[in-house]
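This report refers to the structure that appears directly beneath it.
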Amino acid sequence: MRLLFLACLSPKTGNCTTAERIRDHIESAGHVCVLRDTRDFSSASEVTLLMSQDQEPFNAALAIHLFKGGRLLLDVGVPFGVVFGGTDINEDIKDEHKRSVMEEVLHRARFAVAFTEEMKQKAQAYLDCDITKIYVQAQGIETRVSSDFSWKDFLRTSGIYHDK
């Protein structure tokens, strides 16, 4: 499968890091993932043009952010999904135009991914959307404090010796 993946790719940002991790995962599963910066496109028609002019056809598309990326996929003509997070639910939701676009994206998307159950619930509360299309996938690794963890022992076994 060949996938177009749109995300905000400002260097050294959480969005860029998340996009690269998702791309690496998609590619490790044997697919081709073409990662492009949303800032390279001003409209959905430009993305549609890219998809029609590319030598190999795209089978699907994915975007990070319901508004920034999802709006660019509304007319692509292939199945698409979106990954959304805090910016969508905590900021963009406040703007009526953006909220309307985000609802349209959620209606047309095959699936959506939220990073937390709380974000999924906020989407259900604030957006007209099909909650069954939204899957929760944690963005990072969840850890818990261990009562028997010793920094001193950890550093020593790592070859780092420190007296304090």
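The values are calculated or read from the model by the stated rules, or taken from the named source; none is laboratory data. Model, not experiment: these values are computed from the prediction. Every residue, glycine as well, gets a Cβ built from its backbone with ideal geometry; the counts of neighbours run over all protein chains shown.
A few comments on the model shown:
- Restricting segment 121-132 to residues that are within 24 Å of T18 (Cα to Cα) and out of contact with any helix residue (DSSP H, G or I) (no Cβ under 7 Å at 6 or more places or on another chain), the residue that is surrounded by the fewest Cβ atoms within 10 Å (Cβ to Cβ) is T132.
- Residue list for segment 1-37, restricted to those being more than 23 Å from A138 (Cβ to Cβ) and in contact with a Leu (Cβ under 9 Å, 6 or more places away or on another chain): L4, V32, V34, R36, D37
- For L106: the one exception among (1) within 17 Å of the chain's Cα centre (by Cα); (2) surrounded by fewer than 19 Cβ atoms within 10 Å (Cβ to Cβ): (2)
- Residues in segment 46-78 that are free of Cβ contacts under 8 Å to residues at least 40 places away in the same chain and among the acidic types (D, E) were compared, and the one that is farthest from C8 (Cα to Cα) is D54.
- Of the residues examined, K98 is not one that is modelled with pLDDT under 90, more than 21 Å from R21 (Cα to Cα) and surrounded by 10 or more Cβ atoms within 10 Å (Cβ to Cβ).
- Exactly one residue out of D75, D92 is in contact with a helix residue (DSSP H, G or I) (Cβ under 8 Å, 6 or more places away or on another chain), of a type in the set (D, E, K, R), surrounded by fewer than 18 Cβ atoms within 10 Å (Cβ to Cβ) and more than 21 Å from R23 (Cβ to Cβ), and it is D75.
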